[in-house]
Protein chains: 2
Amino acid sequence: MTDPDHAFRAGIAFIDGEYVPIADARIPLLDLGFLRSDACLDTISVWKGLFFRLDDHLARFELSYARLRMTCPYSRDQLQTIAMECVRRTGLRDAYLQLIMTRGRIPIGSRDIRLAQNRFQAFCIPYFWIANADLRARGLALHVSAIRRVPAKLDDPTIKYYHWLDFEMGLLEAHDRGADSVLLTDLDGSVTEGPGFNVFAVREGELLTPESGVLDGMTRTTVLELARELNLRARLARLAPANLHGAGEVFICSTAGGIMPVRKVDAATIGDGAPGPTTRRLEQLYWRKRESRWLGTPIDGH
Amino acid sequence: MTDPDHAFRAGIAFIDGEYVPIADARIPLLDLGFLRSDACLDTISVWKGLFFRLDDHLARFELSYARLRMTCPYSRDQLQTIAMECVRRTGLRDAYLQLIMTRGRIPIGSRDIRLAQNRFQAFCIPYFWIANADLRARGLALHVSAIRRVPAKLDDPTIKYYHWLDFEMGLLEAHDRGADSVLLTDLDGSVTEGPGFNVFAVREGELLTPESGVLDGMTRTTVLELARELNLRARLARLAPANLHGAGEVFICSTAGGIMPVRKVDAATIGDGAPGPTTRRLEQLYWRKRESRWLGTPIDGH
């Protein structure tokens, strides 16, 4: 009569073909996914028992690992089944799921990465927010860092990978300055993105978001779709930090939290320092549509 | 009467304060060293029971993790003891040792990396060579890739970290072209470095090696010291691919193999296609000095 899945309430991982409690989840030290950051990933959110844009995420994940010339041991149908099973076993209704391909190990002594057996792993934890409830109510303070995000001509930022050391150092810098998170710039000083989120400015009723050097974020795509639905103008553009400082509204968007207002960028207060009406309309529409099963795939057995 | 360390012949890892066979070595999936490449490392070679430049490596390792604002749970003396113990337990006389600091885990749901407990781990495997004996005799064929190495203004390449996805893709590209390894270029198209090695050209008796955008490699430093000993001129310079194509000799250097000749760069045969005399002199001096205990620290009990 014990609940066999109780061990998974805090989270679960799928590793080496088995489901394990997240606290026990480990990967081989010699996996080049660790030793050389030779890995890619995708993250999918689950809200009220519904995956959001599951097919879109699986398609992007396939594109990422194919570009890295990896072969996944599972078909798309099997990946969907594993994703379902991860969430189902945790019993979570609101969850955050990550799919990961790593290059795998090569025989000790070899340098030939073509010999590696590529590995798939996944984990699922409770849904989490880039900004907590208090910050979502008040808006975040962002710091624009002089740390440059690896530009598109170096690594393709549309592949979701783990080159995040620049973001990590940017986060520490942001915390030093009392900011909640960070935006990195490109070699020309234009704004790119933050750790796990895209950014939008609202200027004279128009939505602007960086056109290049950023992940083609699923929530960013969603925001552009919602803008059309609300008859808001939106376009991709180069954004200097000053364009954010002087914007009427700024918000960020992510699978980890949807659409979240920004109250401050560097020393500049955005608008009157409270979340603006366009941000709030988009945020409300986003959650209302998600709860109405928009682009949703129900978890089996929920 | 069993050899308790037999399990370690293939390699050993030090993880969570314990020594484990390399095949069993695993790190937590949620360590940000994996999920965000938030890690740094150093590698040290052991030859005939002697560490090479152990103090220099430990000092560089400390500098790397300090720049990433990590705290190591072990003092330098303790690190040295762990390094010794890793090699001693394997029984290896020629070995490759890697020290790794990772950011560690943060509580599930948190985004605050300042809450992470930084982790130290190490592993030791048999000494290995970037080029096998045949290639060392004949010289390597290198491919200069259009893939750009992350430039110094983005990430500090003097910190040894795991941002190697560019190298990994470059390696696959090199293999496509029948080359043995790859050199990446910088944003201006100058040659930087390869995966785990620095490069030198010999032109009119002078050694040239890229001045920026490269790891300040320990073997690179050693080569410059050996050049002084042999009264060879040497300087740091910008090197275009054409400077390599037209060089009399080209060689690479690494903790994983010392000094190794290059016979071909792209379509250009270097010199007469056989390892050149300067390369051979440096190579022989390097190994002769190492075997004479130069900058060596003996493994306890060897």
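About the centre of its Cα atoms, chain B shows a dipole size close to 320 debye [charges on the beta carbon of Lys, Arg (+1) and Asp, Glu (-1) only; nearest 20 debye].
Shielding by partners for peptide A:24-33, expressed as the average number of C-beta atoms from other protein chains within 10 Å of each residue's C-beta, is 6. Mean partner shielding of peptide B:37-49, defined as the number of other chain Cβ atoms within 10 Å of each residue Cβ, is 2. With Cα atoms as the point set, the radius of gyration and Dmax of region B:7-126 evaluate to 14.4, 49 Å. With contacts taken as Cα pairs under 8 Å and at least 6 residues apart, region A:7-126 reaches a relative contact order of 36 percent.
Volume per residue of the convex hull around the Cα atoms, evaluated for region B:238-279, comes out as 79 Å³.
Given a 1.4 angstrom probe, I'd like the percentage of the accessible area of region B:133-292 that is carbon and sulfur, rounded to a whole number. On region B:133-292, the fraction of accessible area on carbon and sulfur atoms equals 46 percent.
Going by average Cβ density within 10 Å per residue, which order do the peptides B:202-209, A:99-106, A:235-242 take, highest to lowest?
Numbers: B:202-209: 17.8, A:99-106: 24.1, A:235-242: 15.8.
Put in order of decreasing packing, that is A:99-106, B:202-209, A:235-242.
Pairwise alpha-carbon distances in region B:133-291 exceed 29 Å for 10% of all pairs.
Calculate the dipole size of region A:78-199 relative to its Cα centre from +1 charges on Lys and Arg beta carbons and -1 charges on Asp and Glu beta carbons; express the result in debye to the nearest 20. Write down the numbers at each step before the final one.
Numbers: 15 positive and 14 negative charges, 123 e Å.
Value, rounded to 20: 600 debye.
Let me have the relative contact order for region A:133-291, percent, based on Cα pairs under 8 Å that are six or more residues apart. It rounds to 25 percent for region A:133-291. Averaged over its residues, chain A has an accessible area of 38 Å² per residue, based on protein heavy atoms and a 1.4 Å probe. When A and B come together, around 5600 square angstrom of accessible surface is lost from both chains combined, probe 1.4 Å. Taking a point 7 Å out from Cα toward Cβ as the label site, list the nm distances between B:Ala274 and the same residue in every other copy, smallest first. Label-point distances to the other copies, shortest first: 8.4 nm. Distances over 27 Å make up what percent of all Cα-Cα pairs in chain A? Cα-Cα pairs of chain A separated by over 27 Å account for 44 percent. Springs between alpha-carbon pairs under 10 angstrom, Gaussian network model over chain B: which of B:Asp216, B:Asp77, B:Asp31 fluctuates most? Result: B:Asp77 has the largest fluctuation of those listed.
Placing a label point 7 Å from Cα along the Cα-to-Cβ direction at A:Leu230 gives distances to the equivalent points in the other copies of 6.8 nm, listed shortest first. Label points for B:Arg9 are taken 7 Å from Cα along Cα→Cβ. From this copy to the others they lie 4.8 nm apart, shortest first. For region A:1-66, the Kirkwood estimate of hydrodynamic radius, built from reciprocal distances between every pair of different alpha carbons, is 14.4 Å.
Projecting the Cα atoms of B:Trp47, B:Ala7, B:Ile22 onto the charge dipole of region B:1-52, computed from C-beta unit charges around the Cα centre, puts B:Trp47 farthest toward the positive end. Taking the Cα centre of the protein assembly as shown as reference, the dipole from Cβ charges on Lys and Arg (+1) and Asp and Glu (-1) amounts to some 260 debye.
Taking only the C-alpha atoms of region A:47-113, Rg followed by Dmax gives 14.8, 49 Å. With the charge dipole of the protein assembly as shown set up from +1 on Lys and Arg Cβ and -1 on Asp and Glu Cβ about the Cα centre, the Cα lying farthest toward the positive end among the listed residues A:Asn132, B:Ala247, B:Leu295 is that of B:Ala247. Measuring how big the protein assembly as shown is from its alpha-carbon positions, Rg and Dmax come out at 25.5, 82 Å.
The values are calculated or read from the model by the stated rules, or taken from the named source; none is laboratory data. Values in this document were obtained by computation on a predicted structure and should not be read as measured data. FYI the Cβ positions are ideal-geometry reconstructions off the backbone, even for glycines, and counts take in every protein chain you see. All accessible areas refer to the heavy atoms of the entire protein, side chains included, with ligands and DNA or RNA removed. Shrake-Rupley method; radii C 1.70, N 1.55, O 1.52, S 1.80 Å.
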